[in-house]
Amino acid sequence: MKQKRILLIVIIFAVLAVMWVFILQNFLKIDQTKEQNALVQQGDTFVEKELYVRAIDAYEAALDINTTEAKQNKIESKLLVAYLGYGDVNSFQRLAQSRIKRGVATEKDYQRLVKTYSNMYLYEDALEVCEKGVEQYPESEEISTMYDSLRFMYKENFLSVEQIKPDDESGKFAAYDGQQWVYINDTGSIIYNVTFQDETPFYVDENGDGYAVVKAEGQYYVINDDGAMYGRDDTGVEEVLGIAAGHVIAKKDGKYGFYNYDFESSSSTHQYDLITMNSNGVVAIQDGGKWGVITDGGEEVIPLELDDVAINSVGQAFRGGNAMVKRGNSWELIDTEGNTVGSDKYSDAKAPESNGLIAVANESGKWGFINHSGELVIDYQYSDAYSFSDGVAPVKTSDGWTYISEKNQEIVENHYEEALPFHNGCAIAKFNGTYLTITFDNYDK
C-alpha cells in the first residue's frame, strides 16, 4: 500500500514537472516571438529611413531566433530588400539562391536575382534562374518576359557580300563578294585564305568534323574544317547541292544522286531530278514531276505520288520528325514513316526548320503556325512566314520582315527586306540592300 502511494506521488510530481516545462516553454516562445517582432519592426523602421546596414543587423538577429518557418521566410524577404538597398549583392545572391533551392523563393526573388546577375553580365546564371522561375511560376508574365529578353539578346553584323548561304550548324557561311566565293564567320571575317568559284555550306558529322564541297578552276573538291582538300571529283560531276548524312548530293548526266567524298556513286539505282538534304533519317526525292520519300538506306517510304514537298532554308524537307507535303491542291503534315499527322489541310506551307512551330497558310493567304501535332498555335495573320527554329521565326508584316517568339511577340527592332530562319543562334537578313547576320548573344548559354 505504501509503495502504491509513493508511485502515485512520483507520477503526480512527474505530471506537474511536465506541465511546468510546457508552461515555461510557452512563456519562452512568447518572449522569443515578442523579441523577434521587435527586431523586425526595428528593421522595417531602418528600411523606411534607408538605413539599410542597421536594418540588416536587425533582420539577421531576428532570423537567429528560431520561430515558425513561415515567419522566417517573411523575414528573409525583408532581409533581401535590405541587402540590395545596402548594395551587398553577394549576400543577396546567396540568400536568394538558398530560397530557390528550398522552394520558398517568391516571384520578386526571382526577378531581383535575375536583375543582379544581368547587371554583372552573368547571363548564364541569369538564364538559369529564369528557367527555374518559369518552372515554379509558369503564369508569371514578368519572369517569362525577362527570360525572353535574355535569350533573345542579339547583335547585327553588316556584311560586304552580294550573296550568302544559310548555315545549319558549322558557323561557317558560304558568301560571294562579287568576284569569288569565300567562307566567312558571322561577323564577316574570312576564315580561309582561299577563294572558289562556288561552295556549299559545311556538313558536320557525328564526330563534330566538318566537310563542304567547293569548286575551283572548274573542278569540284571536298574540303575539311581546316580548308584542306579532302576529296576530288574525277568523274565529271555537273553540279553539287551539298553534303548530308555523309553523302555528297550531286548532279551527273542530268540526274542527282548520292556520292562519297571521292565523288564515286553510292547507288546507281537512286538517280532523280532533285534530292533534298538528308534529315531525320529520310530524304525527299523528285522525279518525273512527282515527289516521294526514301530512307537514308534507299528504302521507299512514300512512292513518287506527291505533288510537292516543302524544303526549308538549309535544303531539308524533314526536321523535328515531320515534313509538309502537297497532295492535290492542299498541304498536309506527315511524319518520317509517311503517315498524315492531324486532320487539317492548308493552302500553303513551309517546311519545318526544327522541332518548333511550322508555318502554314489559309485560303486567304494569311500565315500562322502549327505544332508538330498539327494543332494551330498562332493564328493566321502574317503575309508570309518561315517556320520556327531557335525559338523564333521570321514573319512578314506591312513594315517588312521581322522575328517573333512563340508568344507571337516581336524580338527585334528593325524590319528587314529579307529574313531567314535562325540556325545555331544566327540568321541571315537584308537591310537597306545590305546583307547582315543577326546573332543571339546568349545562344551558347
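The values are calculated or read from the model by the stated rules, or taken from the named source; none is laboratory data. Everything quoted here is computed from the prediction, not taken from an experiment. Cβ coordinates were reconstructed from backbone atoms using ideal geometry, including for glycine residues, and neighbour counts include every protein chain displayed. What goes into the accessible areas is simple: the full protein's heavy atoms, side chains included, and nothing from ligands, DNA or RNA. Shrake-Rupley method; radii C 1.70, N 1.55, O 1.52, S 1.80 Å.
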- Put Glu162, Glu217, Glu417 in order of accessible area, largest first, probe 1.4 Å, and you get Glu217, Glu162, Glu417
- How large is the accessible surface per residue of the range 318-441, computed with a 1.4 Å probe and reported in Å² as a whole number? 39 Å²
- Query: Suppose R0 equals 51 Å; then what is the FRET efficiency for Leu304 and Ser149 from their Cβ-Cβ distance, rounded to the nearest 0.05?
  - Reply: 0.60
- Message: Among Gly328, Asn362, Tyr259, which residue has its Cα furthest toward the positive end of the charge dipole of the range 233-378, with +1 on Lys/Arg Cβ and -1 on Asp/Glu Cβ?
- Response: Asn362
- Task: Using amide H atoms built 1.01 Å from N in the peptide plane, name the residues 5+ places from Asp225, or on other chains, whose amide H lies under 5 Å from its own.
- Result: Gly210
- Cα-based reach from Lys396 at 16 Å (exclusive), listing aspartates and glutamates while leaving out same-chain residues under 8 positions away: Asp348, Asp379, Asp384, Glu406, Glu410, Glu413, Glu417, Glu418
- Message: Using a Debye calculation, one point per C-alpha and no hydration shell, please list log10 I(q)/I(0) for the range 182-221 at q = 0.14, 0.18, 0.22 Å⁻¹ in order.
- Response: -0.35, -0.57, -0.79
- Query: Using the membrane-span-like helix rule (whole DSSP H runs, Cα extent along the own axis of at least 24 Å, mean Kyte-Doolittle hydropathy at least 0.0), which helices of the chain qualify?
  - Reply: 2-48
- Item | About the Cα centre, charge dipole magnitude for the range 79-156 (Lys/Arg +1, Asp/Glu -1 at Cβ), debye | 360 debye
- Alpha-carbon centroids, the range 300-376 and the range 41-70: separation in whole Å: 60 Å
- Task: Arrange the residues Met324, Met277, Met153 by how much accessible surface each exposes, largest first, with a 1.4 angstrom probe.
- Result: Met153, Met277, Met324
- Computed about the Cα centre, the charge dipole of the range 190-289 from +1 Lys/Arg and -1 Asp/Glu charges at the Cβ has a magnitude in debye, to the nearest 20, of 200 debye
- Item | Cα coordinate range in the range 95-161, projected on the principal axes (Å, largest first) | 53, 25, 14
- Task: Run through all the Cα pairs of the range 246-366 and give the fraction in each 5 Å bin from 0, expressed as whole percent.
- Result: 2, 12, 22, 24, 18, 11, 6, 3, 1, 0
- Task: Kindly flag which residue pairs out of Lys165/Lys252; Lys115/Lys407; Lys78/Lys445; Lys165/Lys366; Lys71/Lys445 have an alpha-carbon separation exceeding 29 Å in this structure.
- Result: Lys78/Lys445; Lys71/Lys445
- Query: Ile164's amide H: which non-local residues (gap 5+, or another chain) put their own amide H closer than 5 Å, with H modeled 1.01 Å from N in plane and none for Pro or chain starts?
  - Reply: Tyr176
- Search the structure for amide H atoms under 5 Å from the amide H of Ser266, placed 1.01 Å from N in the peptide plane, and list their residues when 5 or more places away or on another chain. Phe258, Tyr259, Asn260
- Message: What does the extension gain come out to for Thr269 and Lys49, with contour length at 0.36 nm per residue minus their alpha carbon separation?
- Response: 70.8 nm
- With x for Gly and Pro, the residue-by-residue ³J(HN,Hα) of the range 430-444, computed from phi through the Karplus equation 6.51 cos²θ - 1.76 cosθ + 1.60 at θ = phi - 60° and given in whole Hz, is 9, 9, 6, x, 10, 6, 8, 10, 10, 10, 7, 4, 10, 4, 6
- In cubic angstrom, how much convex hull volume per residue do the alpha carbon atoms of the chain span? 252 Å³
- On each of the three principal axes the extent of the alpha-carbon atoms of the range 36-139, given in whole Å and largest first, is 39, 28, 21
- Item | Inverse of mean 1/r across different Cα pairs in the range 253-321, Kirkwood, Å | 12.3 Å
- Query: Taking only C-alpha pairs under 8 Å that are 6+ residues apart, what is the relative contact order of the range 199-338 in percent?
  - Reply: 13 percent
- Of all C-alpha pairs within the range 136-236, those more than 22 angstrom apart amount in percent to 43 percent
- Once the piece of chain linking Val377 and Glu363 is laid out straight, how much longer is it, given 0.36 nm per residue of separation minus the C-alpha distance between them? 3.3 nm
- Karplus 3J(HN,Hα) series, Hz, for the range 388-397 with 6.51 cos²θ - 1.76 cosθ + 1.60 (x for Gly, Pro): 6, 7, 6, x, 9, 9, x, 9, 9, 10
- Message: Please compute, over every Cα-Cα pair in the range 326-406, the percentage with a separation greater than 20 angstrom.
- Response: 25 percent
- Task: Might you tell me the accessible area per residue for the range 41-178, computed with a 1.4 Å probe and given in Å²?
- Result: 54 Å²
- With a Förster radius of 56 Å, plug the Cβ-Cβ distance of Glu417 and Gln41 into 1/(1 + (r/R0)^6) and report the FRET value to the nearest 0.05. 0.35
- Query: Just the accessible area for Arg327, please: 1.4 Å probe, Å², rounded to the nearest 10?
  - Reply: 80 Å²
- Note on the structure: Along the dipole axis of the chain (charges at Cβ: +1 for Lys and Arg, -1 for Asp and Glu; origin at the Cα centre), the most positive-end residue among Gly315, Tyr86, Gly297 is Tyr86
- Tell me, what is the 1.4 Å probe accessible area of Tyr176, in Å² to the nearest 10? 60 Å²
- Query: Rounded to the nearest 500, what is the chain's calculated 222 nm mean residue ellipticity when only DSSP H runs of at least 4 contribute -39500 (n - 2.57) each, over all residues?
  - Reply: -10000 deg cm²/dmol
- Packing-based order for 124-131, 418-425, 64-71, 201-208, using average beta carbon neighbours within 10 Å, highest first: 418-425, 124-131, 201-208, 64-71
